[in-house]
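Chemist: Below are the structure tokens for one structure; questions will follow.
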Amino acid sequence: MTKILLTLTVVLSALMVSARPVPEKRPPAPGPSGVSRHIWRAFGELSDAERKEMMQLQRENPEKFLEVMKKKAEAFFKAEKAERQLIADLAQKYRSEKNKSRKEKIKQELSELLKKRFNKRLALNRKHVENMKKRTQMLEKELDKRAANSEKIIKFQLDAVLEGRELRPPRRPFRGAKQSPVKTPAK
């Protein structure tokens, strides 16, 4: 009898496990995908004027912005891939070359190419740091402004809590968007 019950338990548990639905593959997490990461990397390579133009396009026509930036990203990464291939080819040519003078010439060419790549990346990093410094200054000004207006802000929060309204102020639109008038609920 116990053997039958044990067998029945094993069979039933096996049926339950096999009847369990197979978990579906999770959708990708929100946030930067591979494509958008490439787009923003290419965006970082644009000049200030091009960047400003593209930001305007992003506000006016996000679909067109994505289309244009995908093309720019493809061109950017195609050029980068070609450059990496050139470096690999030169390195291989250097390793297989027997003539010392030609080998030295290849080494010099490779050195110049790597130096150019490094300096370009260094300039982009400097530009990025400068932009971060500007942003930090803006944030510090905002903090100073909030500190100066702390009494008004605290009064606003106190009134909101006492009246049962949401404590935080309405969200500000993203930078560069045209602001619409804030609607307050009627009392």
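The values are calculated or read from the model by the stated rules, or taken from the named source; none is laboratory data. Because the structure is a prediction, the values reported are computed rather than measured. Virtual Cβ from ideal backbone geometry, glycine too; neighbours counted across all protein chains shown. Quick note on the areas: whole protein, heavy atoms, side chains included, nothing else; ligands and nucleic acids left out. Shrake-Rupley method; radii C 1.70, N 1.55, O 1.52, S 1.80 Å.
Chemist: Quick check of the Kirkwood formula: for the range 64-115, what is the inverse mean of 1/r over all pairs of different Cα atoms, in Å?
Modeler: Value: 12.7 Å, from the Cα pair sum.
Chemist: Output the peptides 101-113, 134-146 sorted from most to least packed, where packing is the average of other Cβ atoms within 10 Å over each peptide's residues.
Modeler: Going from most to least packed, we get 101-113, 134-146.
Chemist: Let me ask something additional. May I ask you to evaluate 6.51 cos²θ - 1.76 cosθ + 1.60, the Karplus curve with θ = phi - 60°, for each residue of the range 145-155 and list the ³J(HN,Hα) values in order in whole Hz, giving x for glycine and proline?
Modeler: Calculated HN-Hα couplings, in order: 4, 5, 5, 5, 9, 4, 4, 5, 5, 5, 5 Hz.
Chemist: Note the full-extension length gain between Lys133 and Leu162 as 0.36 nm times their separation in residues minus their Cα-Cα distance, in nm to one decimal.
Modeler: 6.5 nm
Chemist: Accessible surface of Phe118 in the full protein assembly, 1.4 angstrom probe, to the nearest 10 Å²?
Modeler: 130
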